[in-house]
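Beneath this line is the structure, given in structure tokens, with notes to follow.
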Amino acid sequence: MTPATAAASVRPQILARRNRLQAAAGSVSADYVRDLLAEVDAALARIDAGTWGICEICHDTIEADRLQANPMVRFCLDHLSASERDAHQQDLDLATQIQNKLLPPCDLTLKHWEAHYHYEPLGAVGGDYCAVTPLDEDGSLFIAVGDVSGKGVAASLLMTHLSAILRSLLSLRVPLPELMSRANRLFCEGTLGSHYATLVCGRATPGRIELSNAGHCPPLVLRRDRVERVDCAGLPLGLFCGSEYPVTNVNLAAGESLVLYSDGLSEAENADGNQLGEAGLMDSLKRHCGAGAEALTHAVMQDVRRFRGSAHPADDVTLLVLSHRS
């Protein structure tokens, strides 16, 4: 999205804030309302002048995730005042704590299943979603990996919203297709039209997994002698409120594994700009066939780091392995 397009898309949000401020003028301090209206009008003036999203000191572009979270910001991170830097760091620390509490334990062992995941945000927080939730005493399990649009704090807020939706729906014990369609509708109604999320969910019962995919990376099944791609895909969450999500059933024998991941892993690049790709991930899985969930997760991540070499990550990375225990 170009700066001009971004500015045009954010104007209605800023005008809506102005209208709400004027409506609240009689219930709060007049000085407070005047100062906030001045801030809003200054942002509108920057849009008209074509300087919205440009740091007023260095004239470089302000970080996109900060503009998405607060379209009134005027300075890039390098030129915040000392008090603004302190407040920004406190917000990051709090966001990190909240996100860490939303993540499940890295290891989970049930009667029929063993799960392990690796979660690596690009910065202090990220927009990937990961869930490993026991459902019933019979050993059934809900697993999911998702990726919301954007990066940084703004993406982490969307991820938190998605997490809250899915936690609420899981408590209703609805069938997986209904869970996905309801999650999509709630995400549509609770976010801006430019926001969306890809998501793959699974409900595991002894030896069998129901899978539903909303535009996410295809799940992979690691058999004893091969890796299979599971092609089951619907539209990402948040695009159309009435989207439907089919279910695909996967049977796992003892010692076989299901692998869910985000595109930050398959799109990892080395110093030459080459991507690992789905094929590279499948080759890594084949090399470590027979390993349990934890060993397989660690081995694949070692392969990814070896492939990446000196290149820095460009996106959040999540890898979740669910193994059927013997």
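Read-outs throughout are calculated quantities, based only on the coordinates presented, and are distinct from any laboratory measurement. It should be emphasised that the depicted structure is a prediction, and the values quoted were computed from it without experimental measurement. Cβ placement follows ideal geometry from the backbone for every residue including glycine, while neighbour counts extend to all protein chains displayed.
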For this session: Assuming 0.692 mPa s and 37 °C, estimate D for region 170-220 with Stokes-Einstein, Rh taken as the Kirkwood radius over Cα pairs, in µm²/s.
Result: 269 µm²/s
Problem set entry | Cα coordinate range in region 181-326, projected on the principal axes (Å, largest first) | 43, 41, 20
Exercise. Given charges of +1 on the Cβ of Lys and Arg and -1 on the Cβ of Asp and Glu, with all other atoms neutral, how large is the dipole of the chain about its Cα centre, in debye to the nearest 20?
Worked result: 620 debye
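Do the sum for the chain: with -39,500 (n - 2.57) for every DSSP H run of n ≥ 4, divided by all residues, what is the mean residue ellipticity at 222 nm, to the nearest 500 deg cm²/dmol? Kindly include the intermediate steps, with their values, before the conclusion.
Numbers: 9 runs with 133 residues, N = 326.
Value at 222 nm, helices only, nearest 500: -13500 deg cm²/dmol.
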Problem set entry | Overall dimensions of region 140-243 as given by Cα atoms, namely Rg and Dmax in Å | 14.1, 45
For this session: With mean projected area of the Cα convex hull in nm² in mind, check (1) 19.0; (2) 16.5; (3) 17.6 and report the label derived from this structure.
Result: (1)
